[in-house]
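None of the figures in this text is laboratory data; all of them are computed from the coordinates on show. Keep in mind that what you see is a predicted model, and the values were worked out from it rather than measured. All Cβ positions, even for glycine, are placed from backbone atoms using ideal geometry, and neighbour counts span all protein chains on display.
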Ligand code: GRF
């Protein structure tokens, strides 16, 4: 199938395992994309270490390094040729200025079946604890476009994962994360092949 080469930039705050999964699939030729730049607000993050190890250009930009970090992110991403911003565990709020700068082409991954268990305060283990407390039979992950409300933009793709008896927030989180690692590549591939239009 004909595919368009995606020009990707990543924003990540923590481990960066979702970013790593995409990098691996680009290197394997599974996904047609250029890995333009990784920016983290955390200089000690796994994401920075993983980008360096993979030879992907990376930078630390935060309110310690810049008066207006978001503006710096826009400038650096644009001068690196980024067309799609991929949020992979990025913990900072993005304003409408950056959404406009990328024509709304900003993707986020969230570890629940949105619109359930999203919104302010719903991140990390808080999500999985709430899913278990509610007695849900299924959870999963969602890739959506970013708008000015947390976890709110158009849903592009979801993966469904069974909740098992005896699950703890940690075991459920691990199962959901494994599904996330496949989902980002699948979604980006669909964008590159034109079956999802953003
Ligand atoms: C993932 O669970 C993702 O859904 C959420 O943050 C976590 C990031 O994990 N937005 P990693 O940094 O990609 O390992």
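Put simply, the C-alpha atoms of segment 1-95 give a gyration tensor, and the ellipsoid matching it has half-axes of 22, 15, 10 Å, longest first. Between 82, 56, 176, the Gaussian network model of the chain with springs among Cα atoms under 10 angstrom shows the greatest mean-square fluctuation at 56. Computed from Cα atoms, the angle from the helix 17-27 axis to the main principal axis of the chain rounds to 60 degrees.
Three principal axis extents describe the C-alpha atoms of segment 58-169; from largest down they are 49, 29, 23 Å. This ranking places 63, 167 by how few other beta-carbon atoms lie within 10 Å of each, fewest first, which gives 63, 167. Rounded to the nearest 5, the antiparallel percentage of DSSP beta bridges internal to the chain is 40%. From the Cα gyration tensor of segment 19-62, with a ≥ b ≥ c the square roots of its eigenvalues, which class applies: rounded if a/c is under 1.5, or else prolate if a/b is larger than b/c, or else oblate? Prolate, since a/c reaches 1.5 and a/b exceeds b/c. Across all directions, the average projected area of the convex hull around the alpha carbons of the chain is 10.8 nm².
Helices in the chain, meaning DSSP H runs of at least 4 residues, each add -39500 (n - 2.57). Divided by all residues, the mean residue ellipticity at 222 nm is -11000 deg cm²/dmol.
Sorting 100-112, 124-136, 184-196 by average packing, meaning the other beta carbons within 10 Å per residue, from highest down gives 100-112, 184-196, 124-136. Put simply, the convex hull of the Cα atoms in segment 117-191 casts, on average, a shadow of 4.9 nm². Relative to the longest principal Cα axis of the chain, at what angle does helix 169-192 sit, 0 to 90 degrees, rounded to 10? Around 40 degrees separate the two axes. Of interest is the spacing of the C-alpha centroids, which for segment 1-75 and segment 112-175 amounts to 23 Å. For the peptides 39-49, 12-22, residues were scored by their other Cβ atoms within 10 Å and the scores averaged per peptide; the highest-first order is 12-22, 39-49.
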